[in-house]
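Working notes for the structure below.
The values are calculated or read from the model by the stated rules, or taken from the named source; none is laboratory data. The shown structure was predicted, so the numbers you read here are calculated from the model rather than taken from an experiment. Neighbour counts are summed over all protein chains in view; Cβ atoms, including those assigned to glycine, are modelled from backbone coordinates with ideal geometry. Just the protein is used for accessible areas: all its heavy atoms, side chains included, with ligands, DNA and RNA removed. Shrake-Rupley method; radii C 1.70, N 1.55, O 1.52, S 1.80 Å.
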Amino acid sequence: MRSDRGQRAPLGLKIAAACGLLFLHLPILLIFVYAFTTEEKSFVWPPPGLTTQWFAVTWNRPDVWEALSLSVRVAAISTAIALVLGTLCAAAVSQTRFFGREAISLLVILPIALPGIITGIALRSAFALADIPFSFWTIVLGHATFCVVVVYNNAVARFRRTSGSMIEASMDLGADGFQTFRHVVLPNIATALLAGGMLAFALSFDEVIVTTFTAGQQQTVPIWMLEELIRPRQRPVTNVVAMVVVLVTLLPILFAYYLTRDGDQIAGSGK
């Protein structure tokens, strides 16, 4: 008879896990609570009352919509650039052999390994040296540097688990390069690309440090939130926006996890 000892965690471990989860997520829950508080100028615990009026106030503030629009556009274009460049880099590194391949792989992932402030200073210096004024596109370029890494990591792992014999068989049967990519390669890497794209979008949407060095006078949602905390007008509005940011970034991450949790089941991986 099988013992339950290997299936049930000790009580102490369960308590430790619960404490760890509370430590991580209790501050986020407080943000949600303060989005409904009736107190306008400070964070008082417990809240003196609860109201939904701040959702209407947030909806009618044009500065919130401007920041949200800028963040979404930057994240969407940065993700699109990352999907193209990250997939091409992953295909080159995983499917071919050439001198300096490992060095190129290291250089691709380096931007996400470096502290954000180093990347921000480097980009700001490069823009100043090239006399490029700060604009929407400087933010996009800054975000694309680390978004490419996220897509690359997902795509290269999937490429390495995809059987090369399927590509060879497709070419042997008369398919050209585009047909092979469309009907053989893309179906095998599609979920990895979708997951990488959603993670890249989430990272771009809430990026602060690199944005600070590349945005100039523009304000994405995270920059707007920092400004509001420094010079608050209506504190609960900041918490309402923070709650929206949590949901916007959490949903893509959960969906990406759902798509990649069975990533080891790749067509032809056992051949």
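Neighbours of PRO222, meaning other residues whose beta-carbon lies under 12 angstrom from its beta-carbon, give a summed charge of -4 when Lys and Arg score +1 and Asp and Glu score -1. Taking all protein chains as shown and a probe of 1.4 angstrom, ARG161 keeps an accessible surface of around 100 Å². Placing R0 at 45 angstrom, the Cβ-Cβ distance between LEU24 and ASP131 gives a FRET efficiency of 0.50 after rounding to 0.05.
Could you please state how large a percent of the accessible area of segment 1-143 is carbon and sulfur, counting protein chains only and using a 1.4 Å probe? Looking at segment 1-143 in its full context, I get 72 percent from C and S.
Once the 1.4 Å probe is applied to the protein heavy atoms, segment 1-160 comes out at 63 Å² accessible per residue. The heavy atoms of ILE112 present about 80 square angstrom of accessible area, all protein chains included, probe 1.4 Å. The candidates ASP206, ASP63, arranged from most to least accessible area with a 1.4 Å probe in the full protein assembly, appear as ASP206, ASP63.
Extension gain, GLU66-PHE255: 0.36 nm per intervening residue step, less the Cα-Cα distance, totals 65.4 nm.
Under 5 Å between amide hydrogens, built in the peptide plane, is the criterion, and for THR51 it picks out THR37, THR38 among residues at least 5 positions away or on other chains. Going by accessible surface with a 1.4 Å probe and the largest first, LEU229, LEU11, LEU123 read LEU11, LEU229, LEU123. Fully extending the segment from VAL246 to LEU85 would add 55.2 nm, taking 0.36 nm per residue of separation and subtracting the current Cα-Cα distance.
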